[in-house]
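Visitor: What follows is a single structure, and I will ask about it in a moment.
The values are calculated or read from the model by the stated rules, or taken from the named source; none is laboratory data. Here the structure is a predicted model, which is why all the values come from computation and not from measurement. Please note: Cβ atoms are built from the backbone with ideal geometry, for glycine as well, and neighbour counts cover all protein chains shown. In case anyone asks, the SASA skips ligands and DNA or RNA and just uses the protein heavy atoms, side chains included. Shrake-Rupley method; radii C 1.70, N 1.55, O 1.52, S 1.80 Å.
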Amino acid sequence: GFAGTPVSPVGYQNTSVLLDDTGAVWGWGDNGDGQLGQGTLATDDTYDDVDLYVPTLIPGIADAVTITGGYDHTLVLLADGTLMALGDNGSGQLGDGRTTDRDTAVAVQGITDVVQIAAASSSSFAVTSSGELWTWGANDYAQLGTGGEDDDAHPVPAVVAGLPPIVQVAAGRDHVLALDEDGYVWGWGLNASTQVAGPANSLGDSPILAPSRLDHLGLAVAVYANGNQSYLETPDALLWGWGQNGSTGALGVTLSGDLEAPIAPVFGLVDVVDFSVGALHSVALRNDDNAFAWGWSFQGSLGAGESVIHAWGYRIPILVTPPTP
């Protein structure tokens with residue numbers, strides 16, 4: 001069993017990791033790039049990329065407080081504010097100054113006092129206690145906030161210039177949202193589904209090369225992203241989404257098609273206390289401990305029982321059904 005009580009599971013692509021209350025991290029699923037950390041530190045190490053079918057302790061990590069991941073890399077924030085990384089490093093997304101995949105955890109270079117982390121497909125992001133936003137990894141859709149795009153690896157973390165103090169960062173596949181200390185949302189990167197903003201706000205091109213303050217969104221208390229979707233939470237605990245929507249019901253509103261800005265909060269969902277965005281579906285926890293899911297129903301993704309239609313879009317959140325005792 002786990003060393004302690006599970007407190008935070010995270011899934012990305014075909015890999016899952018879990019943090020327990022002792023600060024240990026466990027992983028299972030796809031380990032093709034070493035993202036589950038089963039290698040050894042010996043100099044004669046044989047690279048370990050064997051997939052894991054049961055939760056397995058990731059060695060060499062202690063006192064973890066937050067975990068996240070991109071497509072094939074894992075980030076682990078430790079209690080002392082340092083950051084560890086492992087897995088795919090072809091774009092420098094591990095931030096260790098190299099582009100070699102790592103099957104053991106390595107320290108991200110040059111960053112201290114980290115308080116929050118996020119990861120895009122092959123990029124990484126960290127917010128420090130002073131409000132600096134650091135980025136590293138792939139920049140093919142301008143997701144590093146440098147003001148341009150390129151196909152180079154960026155293995156050394158750097159501070160995004162020109163931003164006010166940031167309190168939270170969220171990343172989709174290759175777009176980024178940042179929340180500043182005054183409650184304004186900033187966005188940049190891939191904009192193929194207008195998940196940053198659209199022509200009505202003079203940001204219709206893709207990608208958005210430089211961080212832009214999205215004043216039309218108003219003030220927020222949190223931002224969320226995954227795939228080509230974006231969400232913000234307003235002070236009244238409502239969720240508002242924009243970006244990829246189509247016919248999947250992914251944004252929980254009545255209209256079909258992509259949205260360049262929110263048009264309404266997720267239908268009928270109030271008093272949100274926790275939230276997670278998937279590629280085309282989302283799950284939220286209400287303050288009465290009930291969970292709700294909406295969006296693309298595929299292979300049971302909404303967790304609402306056998307009556308839910310397979311390969312169908314649900315725009316109205318439905319109750320996640322727990323097992324019968």
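Visitor: Would any residue of the range 1-40 have its amide N under 18 Å from a label point 7 Å out along Cα→Cβ of ASP289? List them or say none.
Guide: So the set is 5-8.
Visitor: Whenever you get a sec, compute what percent of the accessible area on the chain sits on carbon and sulfur atoms (1.4 Å probe). Mind dumping the intermediate values first?
Guide: Working: 7290 of 13860 Å².
Summing carbon and sulfur atoms, their accessible area is 53 percent of the total for the chain.
Visitor: Take LEU133, LEU219, LEU285 and sort them by solvent-accessible surface of the protein heavy atoms, 1.4 Å probe, largest at the top.
Guide: Order by accessible area, largest first: LEU219, LEU285, LEU133.
Visitor: Further question: By its C-alpha gyration tensor, with a ≥ b ≥ c as the square roots of the eigenvalues, how is the range 101-256 shaped: rounded for a/c under 1.5, else prolate for a/b larger than b/c, else oblate?
Guide: Values: a/c = 1.67, a/b = 1.41, b/c = 1.19.
In terms of gyration-tensor shape, prolate.
Visitor: Work through the residues other than GLY70 whose Cβ is under 11 Å from its Cβ and net out their charges, Lys, Arg +1 and Asp, Glu -1.
Guide: Local net charge: -3.
Visitor: Something else now. Out of every Cα pair in the chain, what percent are spaced more than 30 Å from each other?
Guide: Tail of P(r) above 30 Å: 33 percent of Cα pairs.
Visitor: Per residue, how many Å² of accessible area does the range 179-264 show with a 1.4 Å probe?
Guide: Per residue, the range 179-264 has 36 Å² of solvent-accessible surface.
Visitor: Using only the alpha carbon atoms of the range 1-107, find the Kirkwood hydrodynamic radius as the inverse mean reciprocal pair distance, in angstroms to one decimal. Don't jump to the answer; show the numbers that get you there.
Guide: Values: mean 1/r = 0.0747 Å⁻¹.
It works out to 13.4 Å.
Visitor: On to the next question. Can you work out the FRET efficiency for the pair GLU306 and THR5, with r the C-beta to C-beta distance and R0 = 30 Å, to the nearest 0.05? Don't skip to the answer; put the middle values down first.
Guide: Details: r = 30 Å, r/R0 = 1.01.
So, using R0 = 30 Å, E works out to roughly 0.50.
Visitor: Just add up the charged neighbours of GLY227: K/R +1, D/E -1, any other residue whose Cβ is under 13 Å from the Cβ of GLY227. It would help to have the intermediate numbers written out before the result.
Guide: Details: positive: ARG173; negative: ASP174, ASP258.
With Lys, Arg at +1 and Asp, Glu at -1, the net is -1.
Visitor: Any idea of GLU233's accessible area? Nearest 10 Å², probe 1.4 Å.
Guide: Here the residue's solvent-accessible area equals roughly 20 Å².
Visitor: Calculate the spin-label point distance for ASP274 paired with GLN109, positioning each point 7 Å from the Cα along the beta-carbon direction, and give it in nanometres.
Guide: Placing both labels 7 Å along Cα→Cβ, they lie 3.6 nm apart.
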